[in-house]
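S.K.: Before I ask anything, here is the structure I am working with.
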Amino acid sequence: MSRRNTRKSDASLSLTPMIDVMTVLLAVFMVSMPMLTSGIDLDLPQGTHSMTGDDRALQISVDRQGRYFLGEQRLSRDQIVTRAAAMRGENPNLGIMINGDRGASYGAVMLMMGALKDAGFQRVGLRTQFEN
C-alpha cells in the first residue's frame, strides 16, 4: 500500500507588503500635494520684493469671482479651513500661502485669511509676483 502525500497547501496571502507599499504611497502624496502648483489662472499683484513664499506651504487661491480653491479643487471657505486643519494634524508647522488674483475682492482674500487665523494658523502669507 502506498501512502499518499496529504500535505496541505497554504493559500493565504500576506497583507504586510501591500500595507507597507500603501503607507509609503500615502506619505508621498501627503508630502507632495502642497507642493503642486495651482492650475488656477491667476494674475498675481506685483510686489517690489520677491515674496513667493514657501513652496512647501499649502496653496490656497482666490480668483476674480471670489471663489476659493485648494490646489485645483474648488471648495468653500469652511471646507478649506477644515481640510487645512486636518493637514496640520500631520504637520504642526504647516504654512499657508494665499494666491489672490489681482482682480479678486480684498474682502474675499481677507475673509480667507481671517478664517485661517481663527482656526489657529500662524503662518499665513500672501503671494505676489516679483517685479523685475
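S.K.: May I ask you to list the residues in the range 60-74 that are polar (S, T, N, Q), surrounded by fewer than 17 Cβ atoms within 10 Å (Cβ to Cβ) and not in a loop (DSSP other than H, G, I, E, B)?
M.R.: GLN73
S.K.: How many of the residues in the range 101-113 are outside any loop (DSSP other than H, G, I, E, B) and either at pLDDT 90 or above or surrounded by 13 or more Cβ atoms within 10 Å (Cβ to Cβ) (or both)?
M.R.: So the answer is 6.
S.K.: Oh, and also: Considering only the range 75-100, state which residues are assigned to a loop (DSSP other than H, G, I, E, B) and free of Cβ contacts under 8 Å to residues at least 12 places away in the same chain.
M.R.: SER76, ASN91, PRO92
S.K.: In the range 74-100, what residues are of a type in the set (S, T, N, Q) and modelled with pLDDT of 90 or more?
M.R.: Passing the criteria: SER76, GLN79, THR82.
The values are calculated or read from the model by the stated rules, or taken from the named source; none is laboratory data. Owing to the predicted nature of the structure, the values given are computational and were not obtained by experimental measurement. FYI the Cβ positions are ideal-geometry reconstructions off the backbone, even for glycines, and counts take in every protein chain you see.
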